[in-house]
Amino acid sequence: MAGVIDTNILLYAANRNAEEHGPAVAFLNEVGTGPEPWYLTEGILYEFLRVTTHPKVFDRPLIWSEAMRFLAPFLRSPNFQILQAGEKHWDLLRHVLSEVSHPAGNLFFDIRTVVLMRENGVREIYSADTDFLQFSDLRVINPLRPSASSR
């Protein structure tokens, strides 16, 4: 069941005004107290910081210390590991790019996550972002839906 937790799940949990706030918080509490390892990437963490502190995205953006305080339990927990790029990263990137019909723009945030997942042998991502569905070797699970839909 363990996998990468995507930025949008963290954002919904941090945004009390989001409709998805309750399910996102419940999901993170469940995985944070369970025995399995879960994964984040540096890109996901920085994207969270970028979005939560951006005044054009949040009605009341967080200040950097609030955003860091939100992330602190993940960074301290032995359940969460940050996936790192290794020696195979750039070769895997070329392979992933050849699989995508039009790799451009913001999709590169997701492509980086996919490459890190492949490099580290992780095949599941918990996300509400349907862009991940174009990667056939991933199991995409939306934990915010009652049925936790997946492919």
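Tabulated data for the structure shown
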| read-out | value |
| --- | --- |
| Gain on full stretching of the segment that runs from Phe58 to Tyr46 - 0.36 nm per residue minus C-alpha separation | 2.7 nm |
| Dipole magnitude of the chain about its Cα centre (Cβ charges: Lys, Arg +1; Asp, Glu -1), debye to nearest 20 | 200 debye |
| Estimated FRET transfer efficiency (Asn17, Gln84; beta-carbon r; R0 41 Å; 0.05) | 0.75 |
| 5 angstrom amide H check on Trp38, placed H, neighbours 5+ away | Phe80, Gln81 |
| Spin-label model distance (nm) - Asn29 vs Ala2, 7 Å beyond Cα toward Cβ | 2.3 nm |
| In the stretch 31-108, the trypsin sites (Lys or Arg not before Pro) that fall in loop regions by DSSP, at most 15 other Cβ within 10 Å | Lys56, Lys88 |
| Fully extended contour minus Cα-Cα distance, from Asn120 to Glu66, at 0.36 nm per residue | 16.4 nm |
| Rounded tilt (10° steps) of 89-99 against the dominant C-alpha axis of the chain | 80 degrees |
| Low-density loop cleavage sites - GluC sites (Glu not before Pro) in the stretch 1-48, where at most 13 other Cβ are within 10 Å (DSSP) | Glu19 |
| Least to most buried among Met117, Met68 (fewest other Cβ within 10 Å first) | Met68, Met117 |
| Alpha carbon centroid spacing (whole Å) that separates the stretch 34-96 from the stretch 98-151 | 15 Å |
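Any read-out appearing in this document is the output of simple, stated calculations on the displayed coordinates, not a laboratory observation. Quick caveat: nothing in here was measured; it's all calculated off a predicted structure. A quick note on method: Cβ atoms are made from the backbone with ideal geometry, for glycine too, and the neighbour counts reach across all protein chains shown.
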